[in-house]
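Computed from the coordinates by the stated procedures, all read-outs in this text should not be read as laboratory data. None of the values given here were measured: they were computed from a predicted structure. Positions of Cβ are backbone-derived with ideal geometry, glycine not excepted, and every protein chain shown enters the neighbour counts.
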Amino acid sequence: MNAVVVGAYWGDEGKGKIVDLLAAGSDWVVRFNGGDNAGHTIVANGKEVILHVLPAGVIQGKNVAIGPDVFFNPKTFFSDYDSVIKAGFKATGKILIDERAHLIMPYHIALDAGGEASGKLGTTKRGIGPVAEDKASRTEDITIYNLVGGNFKEKIKAVIAAKANELVANKVVERAADLNRYADEIYAEYAKYSEKLKQYVGSCAYELNEALAAGKTMLLEGAQATLLDVVHGTRPYVTSSNCTAGGAAANLGIDLRKFKIIAIAKAYPTRVGEGHFPTELGNYEDAKRERKGEILTAAEKKKAVDGDLKLLGKWIRQDGREFGATTGRPRRTGFPDFVALRYSGMINGVDEWVITKIDVLSGKPFRAAVAYEKDGKKTTRFPFKLEGWKPVYGKKEYFWQQMTGEEMKNAVAKGYDALPQGMKEYVKELVASTGTPVSMISVGPQREMTVVKDVLKRTKAYLQ
Ligand code: GDP
Ligand code: IMO
Ligand code: MG
C-alpha cells in the first residue's frame, strides 16, 4: 500500500507511532515537509525513540528519504541517527537526502529565538520561519546542493554579507567586524557535516518515482498538521510549510493518485504554542505552570468528572503525557472538534482516519463540538479566523469506564467489537459527522497497542 499520513489537528497526533506501524509493509518512508520543529515518538521493542527529521521507517530498517521541501538541520539528523542506534535499531535501509532541501543555519535558529514570532506564535525556535523566508527570497538560501557542491564557503560568505545588517541589528553578531569570523565558524562546523552527508545526497523526485514505477511501496510522513499548514491552517499561528496531503504531492513531485490518504485524528486535539483553540479545556497560562508527572488527587478527578473542565484538561494532559517531544512545553488539551475534523477531511481528501490516544479518554466524560457560534450566528464551517467563535457541543456525552491493560490487550486481539460501548458511540459519531471511516484505533504508545481487526469494516457500515 502507498499512503500519505498527515495530522488532522495541530500536531502531535501520533504520526510517528502510526507511520512506524505501517512501515512494516512499506519499502520507503519519506518525510515531505517541516524540519526539526517536529518530534515523532516511536515506542517499539520496549524502547522509545523521538525522531525530529529522520523518517520513522528508519526504525524498521526501511529505505528513508528526506524530501526537497524539508528544512534540514544536519546536527539534528546525526543526533536522530545516534538515538536510533543507541536504542538498538539497525537503520540498515538506504538514506536519501534531497539536494534541493534547505539547510537550517545557526543564524536561522538565533533569528527565530530572538524574533517576534517566537513570542507571538510560540514557535519551536528551530529556525523554521527564517529558513522559509530565505527559501522564498531565492537569493539568500543555502541548500544541500550548496553544502556538497564545491563552493560552499563562498556561498556562506556571500549570504552572510547580504545579511550583514539583519545579523547585527538582531545581535546575532555583536559588530559588523565579527561577520567574517562568524562565517568561518559556520563553515568549519558545516564542512564536517558535508563530508559525512555526501553519501546520502540525491534527487527524491527521480528516486521515488522510479521506485513507484518499479512497484515499490511508499509511505509519506507528514510533520506538523493540517491546522498548522501555512496556507490552510489557523494563520498566523501556523508553521512555515505545507503539511497537507496535497502538500506531499507538491513537495515531492509525486502522483498522489497512487496514494491512500490517511489522517490521524487524535481522540482529542492538543495545541502547543499560541493561537485560538475553540474547544480548549482550561487555558494556556495555567497549563504552562504544570509539570509533567503531576498526579491528580481522587477529589480532583471527581471534580473533573462532575464538570470542572480545567481539571479535566489537566487530567487529559497528564494521562496523555502531553508535553512536547521537541520543546518539552505542556500541550494545551481540548474536547474533540468535529468542525475541525470535517475541515481537515475536506482539505486532505482523507480516505481513512486513524484515531489515536483514545485510551487517554477512558474514565473521563467528554463531548464533541459539532458547530461554532459567534454573536448569535452559527456555522458548521471552520472559520479562517477563529477569534470569538465558541464551540457548540453535540447533545451526547461520551463515557466509558477506565479499561485495564488486560482489557486493552483483549480488544487488540479481538478487534473492534471488543471495545467499550461508549468508545464505539464516539467513533460512530465521528465517522457519521465527517463521512469518513476509521481504519485503526490506537490504544497505547506501543506499536502493538493498536486495534485493526474489523475497524474499517464496522466503521464503513456506519456510513450506510
Ligand atoms: P507526532 O508528532 O504526531 O508523531 O506525535 P508525538 O510523538 O509528538 O506525540 C504523541 C505522543 O503520544 C507520543 O508520546 C506517543 O508515544 C504517544 N502515543 C501515540 N499513540 C498513543 C496512544 O494511542 N495512546 C497513548 N496513550 N499514547 C500514544
Ligand atoms: P509534529 O510533527 C506541534 C507549532 C509550534 C508553533 C507553530 C510554529 O511533532 O506534530 P515553528 O517552529 O514551526 O515556526 O512553530 O507550530 N509546531 C508544532 N506543534 N507539533 C509539531 O510537530 C509542531 N511543529 C511546529 O508550537 O505553535
Ligand atoms: Mg510531535
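May I ask you to compute the full-extension gain from residue 162 to residue 297, defined as 0.36 nm times their residue separation minus their alpha-carbon distance, rounded to one decimal in nm? Walk me through the intermediate numbers first.
Values: separation 135, 0.36 × 135 = 48.60 nm, distance 5.75 nm.
Gain in length upon complete extension: 42.8 nm.
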Go through 17/357; 15/260; 120/357; 157/192 and tell me which ones have a Cα-Cα distance over 19 Å in this structure.
-> 120/357
Write down, largest first, the equivalent ellipsoid semi-axes of the range 86-242 in whole Å, where each equals the square root of 5 times an eigenvalue of the alpha-carbon gyration tensor.
-> 30, 23, 14
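Taking the range 370-416, which chymotrypsin sites (Phe, Trp or Tyr not before Pro) meet the DSSP loop condition and have no more than 15 other C-beta atoms within 10 Å?
Details: sites: 372, 384, 389, 393, 398, 399, 400, 416; in loops: 384, 389, 399, 400.
Sparse-neighbourhood loop chymotrypsin sites (Phe, Trp or Tyr not before Pro): 384.
List 440, 1, 346 from most exposed to least, where exposure is judged by having the fewest other Cβ atoms within 10 Å. Spell out each step's value before the answer.
Working: 440 21, 1 11, 346 16.
By the 10 Å Cβ count, ascending, the order reads 1, 346, 440.
With a 10 Å Cβ neighbour count serving as the proxy for reagent exposure, in which order, fewest first, do 80, 306, 20 appear? Show your work: numbers first, answer last.
On the way: 80 22, 306 10, 20 28.
Fewest-to-most Cβ neighbours within 10 Å comes out as 306, 80, 20.
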In whole percent, what relative contact order does the range 375-460 give with Cα contacts below 8 Å and a gap of six or more residues?
-> 28
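Suppose a student asked you for the relative contact order of the range 102-197, using Cα pairs under 8 Å spaced at least 6 residues apart; what percent would you report?
Numbers: 90 pairs, mean separation 24.2, N = 96.
Relative CO of the range 102-197 lands at 25 percent.
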Given GluC sites (Glu not before Pro), DSSP loops and at most 14 other Cβ atoms within 10 Å, the longest exposed-site-free stretch of the chain is 1-173
Scattering profile of the chain at q = 0.07, 0.09, 0.13 Å⁻¹ [log10 I(q)/I(0), Debye over alpha-carbon scatterers] | -0.36, -0.59, -1.19
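Return the Rg/Rh ratio of the range 254-405 with Cα-based radii and a Kirkwood Rh.
Numbers: Rg = 16.4 Å, Rh = 16.7 Å.
Reported Rg/Rh, Kirkwood definition of Rh: 0.98.
Could you grab the relative contact order for the chain? Cα pairs under 8 Å, six or more apart, rounded to a whole percent. Let's see the in-between values first.
Working: 987 pairs, mean separation 82.2, N = 464.
Over the chain, the number comes to 18 percent.
Which pairs, out of 288/374; 310/396; 314/460; 409/453; 62/153; 266/396, put more than 24 Å between their alpha-carbon atoms?
Details: 288/374 28 Å; 310/396 20 Å; 314/460 34 Å; 409/453 13 Å; 62/153 34 Å; 266/396 19 Å.
Check vs 24 Å cut-off fails for 288/374; 314/460; 62/153.
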From the backbone phi of the range 24-31, what are the Karplus-calculated ³J(HN,Hα) couplings (6.51 cos²θ - 1.76 cosθ + 1.60, θ = phi - 60°) in whole Hz, Gly and Pro given as x?
-> 3, x, 10, 7, 10, 10, 10, 7
Excluding residues fewer than 8 places away in the same chain, name every one of the aspartates and glutamates whose C-alpha is closer than 19 Å to that of residue 155.
-> 98, 99, 133, 134, 140, 141, 166, 178, 184, 185, 189, 195
